[in-house]
1. Which members of the stretch 285-303 meet the condition of being open to solvent by less than 40 Å² (accessible area, probe 1.4 Å), in contact (Cβ under 8 Å) with a residue 60 or more places away in the chain and over 21 Å from the mean Cα position of the chain (by Cα)?
2. Does Ala55 count as modelled with pLDDT of 90 or more and not basic (Lys, Arg)?
3. Tell me which residues, restricted to the stretch 369-413, are open to solvent by less than 50 Å² (accessible area, probe 1.4 Å) and in a loop (DSSP other than H, G, I, E, B).
4. Return a yes/no flag: does the stretch 345-353 have any residue that is under 21 Å from Pro276 (Cα atoms) and in contact with a Lys or Arg (Cβ under 7 Å, 6 or more places away or on another chain).
5. Answer yes or no: is there a residue in the stretch 22-36 that is over 30 Å from Phe273 (Cβ atoms) and either modelled with pLDDT under 90 or of a type in the set (A, V, I, L, M, F, W, C) (or both).
6. Within the stretch 236-261, how many residues are polar (S, T, N, Q) and open to solvent by 60 Å² or more (accessible area, probe 1.4 Å)?
7. Six or more apart or on different chains, Cβ atoms under 6 Å: show the pairs whose first residue is in the stretch 350-369 and closer than 28 Å to Ile216 by Cα and whose second is open to solvent by 10 Å² or more (accessible area, probe 1.4 Å) and not in a helix (DSSP H, G or I).
8. For the stretch 312-326, which positions are among the aliphatic types (A, V, I, L, M) and surrounded by fewer than 23 Cβ atoms within 10 Å (Cβ to Cβ)?
Amino acid sequence: MDRPEQRQAAPSVWAIRLVTVGIVLAALNLRPAITSLGALLEEVRDGLGMSGSVAGLLTSVPPLCFAVFGVMAPRFAKRFGASAVVCFGMAAIAAGLIIRPYTGGTVGFLVASALALMGIAVSNVLMPVIVKRWFPDRVGSMTGLYSMALAAGTSLAAAATVPMTDALGGSWQTGLAVWSGLAVAAVLPWIPLARAKAPAEPVRARGGAGDDGLRITRSRTAWALAVFFGLQATAAYITMGWMAQIFRDAGVSASSAGVLLAVTMVMGVPLGFVIPRVASRLPSQGPMVIALGLCGLAGYAGLWLAPASGAWAWAILLGISNCAFPLALTMVGMRARTGAGVAKLSAFAQSTGYLISIPGPLLVGVLNQSTGGWGVPIAFMAALMVPQIVIGVLAGRNRTVEDEVAARTAPAS
C-alpha cells in the first residue's frame with residue numbers, strides 16, 4: 001500500500017514559491033538574536049548592571065536553549081504541523097527581541113532572550129524537515145539556500161548592529177529591538193503555510209522504521225552525526241567568542257579584529273550555498289569533512305605561529321572550516337529516508353550536539369586565564385578538530401538511520 005505522502009497531490013507553484021521565501025526569511029532570523037547582542041554586550045552590561053559572571057553565562061545560553069527546546073520540536077511538529085511550529089518560532093523570536101531590551105533587569109533580559117532562543121531552537125531542528133518534505137529531490141540546493149541565508153543573517157547582525165544603533169540615536173535598547181522587525185516579516189509567509197495541506201505536514205505512515213517506532217539512539221550514524229554536529233558547533237562558538245580577542249592580543253587593532261571576524265563569518269554565505277549542493281551529489285561526505293577539517297587545522301596552526309602577520313589567511317581558513325555547519329545539515333537530510341526520520345534525527349543530532357558544545361568556549365577562557373596566553377587554548381582547538389574529522393567521516397557514510405535501526409532490531413535467524 002502506498003504511503004499517504006505518495007498519494008498527496010503535488011504542491012502548487014505558489015506554495016513552492018511561498019515556502020522558499022519562508023525558508024530564506026526564517027534562516028535570516030536564526031542568529032541575529034545572538035550576534036546583535038555580542039556587538040552591544042558592553043553597553044548591555046553597563047545598562048543592566050550585569051556582573052561579569054552573568055555576562056559569561058550569556059555565551060552558554062544559546063546552545064543550552066538549542067539543546068533543551070530543540071528536542072521538543074518533533075513532538076510539536078507531530079501535533080501541530082512543522083509549518084505551524086516554524087510560524088510560532090518566528091513569532092517567539094519577534095516577541096523575545098522586542099521585549100528583552102525593555103525588561104529593566106537582568107532576569108527579565110535572560111527570560112526574554114530564552115523566549116527568542118526557543119523560537120530559534122525549534123526552527124533550527126525543523127528546517128531540514130521542511131526542506132526534505134517540500135523539496136525531496138533538491139535537498140542539497142535548498143539546504144544551501146537556507147545555509148547561505150543563515151550566514152548572511154549572522155554577518156549582517158554582527159556588522160550592522162552598532163552603526164544602526166548610532167543612526168537611531170545611540171540607545172542599545174533600540175539597537176537590539178530593531179531586529180524584531182525582521183522576525184515579524186518572517187512570520188508572514190508561514191501563516192498561510194501553517195494552514196495549507198502540504199508535504200511539510202507530518203507523515204503518519206503506519207508501521208516501519210520511518211514513524212514513531214524509530215529508536216534513533218540505536219543508530220550509530222545518528223550518534224556519529226550528533227557528535228560531529230557538537231564538535232563543529234564547539235569550533236564555531238569558540239571562533240565567534242574568542243577569535244577577535246586572539247587577534248587583538250597579538251597586536252591587531254580592535255576595528256581590524258572585528259573586520260577579520262566578519263570575514264570569517266561571511267565565508268559561510270557563498271560556501272553555505274555551494275557545499276550542500278556538492279555534498280548531496282556524493283555518496284559519502286567524508287572527503288568534504290576531511291577538507292574542511294584540514295582548513296581548520298591550518299588556520300589554528302597559523303594563529304599559533306603568526307597570528308598578526310597572517311591574520312587574513314587564518315580568518316579565511318577558519319571561515320571555510322566553519323562551513324562544517326551546512327555540511328552537517330545536509331547530512332541530516334541525507335541520512336534519513338522519511339520525513340519522520342529526518343525530524344527525529346535533526347532533533348537528536350542538534351540537541352545532543354549543542355549540549356556537547358556548551359563547555360568549549362568556557363574552557364578556552366579558563367585556559368587563557370590560567371596560562372596567560374593563547375598557545376594552550378589554540379592547541380586545544382586544534383586537538384578538537386581531529387575527532388571532528390574522524391567522527392565526521394563516520395557520519396558521512398552512505399546509509400540511513402532507518403536501515404541501521406531495522407538491522408539492529410531484526411530477530412536473529
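1. Of everything in the stretch 285-303, those that are open to solvent by less than 40 Å² (accessible area, probe 1.4 Å), in contact (Cβ under 8 Å) with a residue 60 or more places away in the chain and over 21 Å from the mean Cα position of the chain (by Cα) turn out to be Tyr300, Leu303.
2. When the stated conditions are applied, Ala55 does not pass them.
3. Passing the criteria: Gly373, Trp374, Gly396, Thr400.
4. Yes; the residues of the stretch 345-353 include at least one that is under 21 Å from Pro276 (Cα atoms) and in contact with a Lys or Arg (Cβ under 7 Å, 6 or more places away or on another chain).
5. Within the stretch 22-36, not a single residue is over 30 Å from Phe273 (Cβ atoms) and either modelled with pLDDT under 90 or of a type in the set (A, V, I, L, M, F, W, C) (or both).
6. Of the residues in the stretch 236-261, 2 are polar (S, T, N, Q) and open to solvent by 60 Å² or more (accessible area, probe 1.4 Å).
7. As it stands, the answer is Ser351/Val71; Ile358/Ser60, since those pairs meet every condition given.
8. Those that are among the aliphatic types (A, V, I, L, M) and surrounded by fewer than 23 Cβ atoms within 10 Å (Cβ to Cβ): Ala313, Ile316, Ile320.
The values are calculated or read from the model by the stated rules, or taken from the named source; none is laboratory data. Fair warning: this is a prediction, and the values are worked out from it, not measured in the lab. Please note: Cβ atoms are built from the backbone with ideal geometry, for glycine as well, and neighbour counts cover all protein chains shown. What goes into the accessible areas is simple: the full protein's heavy atoms, side chains included, and nothing from ligands, DNA or RNA. Shrake-Rupley method; radii C 1.70, N 1.55, O 1.52, S 1.80 Å.
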